[in-house]
1. Ignoring ligands, DNA and RNA, what percent of the 1.4 Å accessible area of segment 1-128 is carbon and sulfur?
2. Where in segment 212-297 are there GluC sites (Glu not before Pro) that are in a DSSP coil and have at most 10 other Cβ atoms within 10 angstrom of their Cβ?
3. Give the peptides 194-202, 284-292 in descending order of average Cβ contacts within 10 Å, highest first.
4. Search the structure for amide H atoms under 5 Å from the amide H of K69, placed 1.01 Å from N in the peptide plane, and list their residues when 5 or more places away or on another chain.
5. From the backbone phi of segment 6-22, what are the Karplus-calculated ³J(HN,Hα) couplings (6.51 cos²θ - 1.76 cosθ + 1.60, θ = phi - 60°) in whole Hz, Gly and Pro given as x?
6. With the alpha-carbon atoms as the only input, what is the per residue convex hull volume for segment 157-272 in Å³?
7. Between (1) 21.4; (2) 18.7; (3) 19.9, which entry matches mean projected area of the Cα convex hull in nm² as derived from the coordinates of this structure?
8. Quick one: Cα centre-to-centre distance for segment 3-19 and segment 343-398, in angstrom?
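The values are calculated or read from the model by the stated rules, or taken from the named source; none is laboratory data. Since the structure is predicted, the reported quantities are computational estimates derived from the model, not experimental observations. All Cβ positions, even for glycine, are placed from backbone atoms using ideal geometry, and neighbour counts span all protein chains on display. Ligands, DNA and RNA are excluded from the accessible area calculation, which covers all protein heavy atoms including side chains. Shrake-Rupley method; radii C 1.70, N 1.55, O 1.52, S 1.80 Å.
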Amino acid sequence: MGKTTAEKIFATHLVNEPFPGTKVLKLDVVLCHEITTPIAIADLMARGKDRIFDTGKIKAVVDHVTPSKDSKTATQAKILRDWARRHNIKDFFDIGANGVCHALFPEKGFIRPGYTVIMGDSHTCTHGAFGAFAAGVGTTDLEVGILKGVCAFREPKTIRINLNGSLPKGVFAKDVILYIIGQLGVNGATDRVLEFRGPVVDAMTMESRMTLSNMAIEAGGTSGICMPDAVTVDYLWPFIQSDYASKEAALADFRTWWSDEDATYDRVLEFDVSKLEPTVTFGYKPDQVKPVGELAGEQVDQVYLGSCTNGRLEDLRIAAQILKGKKIAPTVRGILSPATPKIYQDALHEGLIDIFMEAGFCVTNPTCGACLGMSNGVLAEGEVCASTTNRNFMGRMGKGGMVHLMSPATSAATAIEGKIADPRKYL
């Protein structure tokens, strides 16, 4: 019987099965940031186990509050910094070199097809866009991963999502995943892998595929996976060219991770997105979605562009196309946080930063801060934010604040009008 991508990864990484259904997997990469990892570090130290299984497989970054805003966040960063130096972790990204983890680590070529990846962060599922099994884990699992290079999972079943048709004007990957979450519900993919397939995914860039996979967790999914193809090869080629005789050889290797045609799925869902409209959340759950037209005219106080979902160069280009030559509404605060230093620099060289600043946006350093209400864009009680982030939970961006999730295009149009707006009129 054929296997899904997730089943192939589990089979090739299996160390043992201590209990029926519980599988201990060998890890290829353990990712760390300064919010969740210091807790694991402190516990390992208290237990006399301040060790690392493989310094080359640990990647760490200070990315949530950077630069630190107070003594507490400075201490969190210091714990991670001292730990990285103590163990000679070469892939540690501190102030100036740091960026949003789920944008920075793929950009550095750390994620490959067939990999197992964990991090103490729920949006680790982003990395499944490369054909990897990537999952967010709790502190205990993170500790074991750092110490032993393994992690225990119950093997998830896979829901295959076929995306058919083609994306209409003004509709992007963010709109697609919001629509899917709306169809599945926030618990619809619990303990499942979401496997994104079909011509719409095939036509997507790696940036767009990462947006899809990033929000699998918002439907309860353990990971979101795309099939690694020529697009994946092109993205990774600067990092893998010494490993393969040609791109064709790399593609042939990558295809071994594809789900087999006779693989068994928990469910197969078919969605034709040809008539999909720009999509926006309402309320406080990511499955509460409506076409933009049903929410158009609702006032916002802040527009935020950034995050591990939509802070990549592709996203900035889309928003800048709408904002060029225009000003944001005087009632709106516009905040842009490019997801990595490279993205910032590329946007600068392309003239995108000028477009944002001339439109009235504040451009900040790469950081996750605003997304979870920690820094660089926290809302006051009663304020409303149009955001390209991934969660609209109550108080997510600040106590008493309200968040509408949307694409960079819809966010840019909303910034111009000062209220939720359809981006298609500007394209």
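1. Carbon and sulfur: 53 percent of the exposed surface of segment 1-128.
2. When the GluC sites (Glu not before Pro) of segment 212-297 are filtered for loop state and at most 10 Cβ neighbours within 10 Å, E261 remain.
3. 194-202, 284-292
4. A74
5. 4, 5, 5, 5, 4, 5, 7, 10, 5, 9, 6, 10, x, 9, x, x, 9
6. Here the figure is 108 Å³ per residue.
7. Here mean projected area of the Cα convex hull in nm² agrees with entry (3).
8. Segment 3-19 and segment 343-398 have Cα centres spaced 39 Å from each other.
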